[in-house]
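Since the structure comes first, as structure tokens, the remarks are kept for the end.
The values are calculated or read from the model by the stated rules, or taken from the named source; none is laboratory data. No experiment lies behind these values; they were computed from the predicted model shown. Backbone-built Cβ (ideal geometry, glycine too); neighbour counts: all protein chains shown.
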């Protein structure tokens, strides 16, 4: 496996080590949900000599009738220039289960897109679908303090636990994310003919979403690094105070001035 060039790291290497203070939560609590997320930095389970970031928390879908999300995003201001880059790659630490029966219910199909939670391993066990999103535009907050929606480009990938014991050496896996496979969405709906400005990435988000009740519960994703296929330029300012001010497109449910009842409110926005 080829080593990542120092100039290609976005987080977790080169001049851009993981820094938890440069991320902040964007969870569904601002919508009345109770999901919660964290991003912690510490020794990597696969290599204690390096640091890793663990995106973890609990996704609750009962409060919002099946909807829900929890995410960690780069704190503003942030910018990354991906000019000439064809894709992103994350090295993740493969989670383990202590028994063959653990790791989720049986399933039979791989994730078909970032809008589906279908997530299956070779042994037919289900895992979790995580989503990485990129943004070009960050608008000022609306008068009520909520973030305004802008187009997001998102890519979903499946993480399935492997059977193992507490003393086993942690395994890693490279998740390759071709930029051509990132889907443009606005408030959860696909946008046709939108073009990602690679020179102007203003936000990167790691997300766990419910896909309207298809997945919930505890989640955990440990990443040794996020890098690009070529050299990148990354600039990040100081972290802002922690906030739950989520944008409407990340929330899967629309910002409305009138609440119409939970089910009607949610179904009116189902993709």
For segment 77-91, how many residues are closer than 17 Å to residue 131 by Cβ and surrounded by fewer than 22 Cβ atoms within 10 Å (Cβ to Cβ)?
2
Segment 198-221, residues that are at pLDDT 95 or above and part of a loop (DSSP other than H, G, I, E, B):
198, 199, 200, 202
Do you know which residues across segment 138-157 are under 20 Å from residue 75 (Cβ atoms), at pLDDT 95 or above and buried (at least 20 other Cβ atoms within 10 Å of the Cβ)?
152, 153, 154
Look through segment 185-197, keep the residues that are modelled with pLDDT of 95 or more and touching a helix residue (DSSP H, G or I) at 6+ places or on another chain (Cβ under 9 Å), and return whichever of them is nearest to residue 149 (Cα to Cα).
186
Just checking: which of the strands (runs of 3 or more DSSP E) contained wholly in segment 1-76 hold 3 or more residues that are surrounded by fewer than 23 Cβ atoms within 10 Å (Cβ to Cβ)?
36-43, 51-59
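Within segment 131-152, does at least one residue satisfy the condition of being closer than 25 Å to residue 46 by Cα, touching a residue at least 24 places away in the same chain (Cβ under 8 Å), out of contact with any helix residue (DSSP H, G or I) (no Cβ under 7 Å at 6 or more places or on another chain) and not in a strand (DSSP E or B)? Reasoning before the result, please.
Initially, segment 131-152 is screened for residues closer than 25 Å to residue 46 by Cα, giving 131-132.
Now drop any that are not touching a residue at least 24 places away in the same chain (Cβ under 8 Å), which leaves 131-132.
Those still in the list that are out of contact with any helix residue (DSSP H, G or I) (no Cβ under 7 Å at 6 or more places or on another chain) too: 131-132.
Subset that is not in a strand (DSSP E or B): none.
Checked against the condition, which is being closer than 25 Å to residue 46 by Cα, touching a residue at least 24 places away in the same chain (Cβ under 8 Å), out of contact with any helix residue (DSSP H, G or I) (no Cβ under 7 Å at 6 or more places or on another chain) and not in a strand (DSSP E or B), segment 131-152 yields no hits at all.
Output the residues belonging to segment 222-234 that are crowded, with 21+ Cβ neighbours inside 10 Å and part of a strand (DSSP E or B). Quick ask: steps written out before the conclusion?
First, pick out the residues of segment 222-234 that are crowded, with 21+ Cβ neighbours inside 10 Å: 222-228, 232.
Within segment 222-234, 222, 223, 224, 225, 226, 227, 228 qualify.
Which ones in segment 202-228 are touching a strand residue (DSSP E or B) at 6+ places or on another chain (Cβ under 8 Å) and over 26 Å from residue 93 (Cα atoms)? Even if it seems obvious, please write down each step before you answer.
Pass one, segment 202-228, residues touching a strand residue (DSSP E or B) at 6+ places or on another chain (Cβ under 8 Å): 202-211, 215-228.
If the condition is that a residue be touching a strand residue (DSSP E or B) at 6+ places or on another chain (Cβ under 8 Å) and over 26 Å from residue 93 (Cα atoms), then 202 is the only one that fits.
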